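Working notes, structure below.
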């Protein structure tokens, strides 16, 4: 994914097939991105069954996993993403050097 504009979010969502859990995670990530970063993000969805080498290379051990690649630092969020209130506030604080909780 290139370096992108300052502050633009580059996200990867790793899922395992077309399961209900994968669809729920994808819907939730799209919803969050549109609410908080409309037009300021790129989201790539990786099915670990179809691209196992990407999962292995990026050390993905559970799905769904959301990886924020940019802005730095890289952050991972593992699980169904149902409880994500304040997710982008945590991402912004982490990018600014504050400690994420």
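Readers should treat all values here as calculations from the given coordinates under stated rules, not as data from a laboratory. All of these numbers come straight from a predicted model, not from anything done at the bench. All Cβ positions, even for glycine, are placed from backbone atoms using ideal geometry, and neighbour counts span all protein chains on display.
The label point for residue 50 and the one for residue 82, both projected 7 Å from the Cα toward the Cβ, are 2.6 nm apart. Which of the three applies to segment 27-77, rounded, prolate or oblate, going by the alpha-carbon gyration tensor with a ≥ b ≥ c and a/c under 1.5 meaning rounded? Here segment 27-77 falls in the prolate category.
Sorted ascending by nearby beta carbons within 10 Å, beginning with the fewest, 46, 78 become 78, 46.
For segment 9-95, what does the relative contact order come out to in percent, with C-alpha contacts under 8 Å and a separation of six or more? Could the numbers behind the result be given before it?
Working: 112 pairs, mean separation 34.2, N = 87.
Worked out over segment 9-95, it gives 39 percent.
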